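See structure below.
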Amino acid sequence: MGGGSMLVDFHMHSVYSDGIETPKELLRHALDCNLSMMALTDHDEIDGIKALRTAQQDLDPNKTIKIINGCEFSADYKDKSIHILGYCFDENNKELNDFITFFKGKREERVDEMIRRCNSEGYHITKEDLIKQFSDTKAYGRPHIGKLLIDGGYAKDVNEVFRGILRKNSPCYVPKVKVEVQHIIDIIHKAGGFAVMAHPKLVSSDEYVLEMLDFNFDGIEVYHSKHDNQDVAKYRALAKEHNLFITGGSDYHGIPGKAPDKFGDYLVSSENVSEFISLL
């Protein structure tokens, strides 16, 4: 891999979780932006990776873009929602797939319960509307219910929904199933993958970030669309200090108002994540 100017993006979401574009559309953007490597990291879901590879046979038969498999797992640390990125795991690993199936079941129960609670609070939304509006989506979550509430005229945008009707202490909110950080790291490692702490700034407690570095993470997502230069410097130093490799990505969802607005607005220079790339 020569030259320092190659562009990569190791964090993005598709319709297989809470993004609004198909893996094929993401690949098209990546080709337009001259990316040399990409990873699709849907939440607790890996089916999109196959769709991305299928799209590549069609759009990028010479494989000018190297596709790395990924998944953003949801965990819990002291009641905070923690995201852990897994990369380069065996997609057929039984424990990994069993866990994803278990998690999907729990997530579906949660969505049904939130819709039920919204209805009992006088917000009229239905599971049918959800399925009709997001027919491609494999995993419904709070953002999807939020969209129905906006369409129903109960809120003006997703931020208002998350601060209002679906805020954490609202009668309509149902907490996610809680999974220990170590459990997720073990699942990734047993499947032969790398475990990376996602966007440490969004943990919103550097104390927790430091405590969690006692877990056996392999890397930290230092470059992220929500990290400013100061954050990057801070988390780079932490990565070096703890002997962790550095990764980065845009966390693109394609959702209007959720930065980055356009694919390619935030990309990572390969020289900043060279150690990670050398392992791929």
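The numbers here are math on the coordinates, done by the rules we state, and not lab data. These numbers come from a predicted model, not from an experiment. All Cβ positions, even for glycine, are placed from backbone atoms using ideal geometry, and neighbour counts span all protein chains on display.
For the residue pairs K78/K240; K127/K168; K78/K190; K66/K147, the alpha carbons lie more than 32 Å apart in K66/K147. Kirkwood radius and radius of gyration were both taken over the C-alpha atoms of segment 145-280, and their ratio Rg/Rh is 1.02. Taken one residue at a time, the phi angles of segment 161-175 give Karplus couplings (6.51, -1.76, 1.60, θ = phi - 60°) of 4, 6, 8, x, 3, 10, 5, 4, 9, 7, x, 8, 7, 10, x Hz. Gly and Pro are set to x. Entry for segment 102-153 at q = 0.17, 0.26 Å⁻¹: log10 I(q)/I(0) = -0.47, -1.06, Debye formula applied to identical alpha-carbon scatterers, no solvent contribution. Placing +1 on each Lys and Arg Cβ and -1 on each Asp and Glu Cβ, with no other charges, gives the chain a dipole about its Cα centre of roughly 460 debye. Short-range pairs are left out: with C-alpha atoms under 8 Å and at least six residues apart, the relative contact order of segment 1-133 is 18 percent.
Working note: Karplus 6.51/-1.76/1.60 with θ = phi - 60° gives segment 95-111 the couplings 4, 4, 5, 4, 5, 4, 4, 4, 5, 4, x, 5, 5, 5, 4, 5, 4 Hz, where Gly and Pro are set to x.
Say R0 is 30 Å: what FRET efficiency, to the nearest 0.05, do I150 and D79 get from their beta-carbon distance?
On the way: r = 28 Å, r/R0 = 0.93.
It comes to 0.60.
Considering only alpha-carbon pairs that sit under 8 angstrom and 6 or more positions apart, the relative contact order computed for the chain is 23 percent.
Spatially, segment 255-280 and segment 51-86 are offset by 12 Å when compared through their Cα centroids.
Based on the Cβ-Cβ distance of E108 and E241, what FRET efficiency does E = 1/(1 + (r/R0)^6) give at R0 = 30 Å, to the nearest 0.05? Intermediate values should be presented prior to the final figure.
On the way: r = 41 Å, r/R0 = 1.36.
According to the calculation, E is roughly 0.15.
Binning the alpha carbon pair distances of the chain at 10 angstrom intervals from zero yields the distribution 6, 28, 36, 23, 6, 0, expressed in whole percent. Compared with the direct C-alpha span, the chain from H183 to K63 gains 39.8 nm at full extension, assuming 0.36 nm per residue. Relative to the longest principal axis of the Cα atoms of the chain, the long axis of helix 47-59 makes an angle of roughly 60 degrees. When Rg and the Kirkwood radius Rh are both evaluated on Cα atoms of segment 34-150, their ratio Rg/Rh stands at 1.04.
Multiplying the residue separation of N159 and E207 by 0.36 nm and subtracting their alpha-carbon distance yields 14.6 nm.
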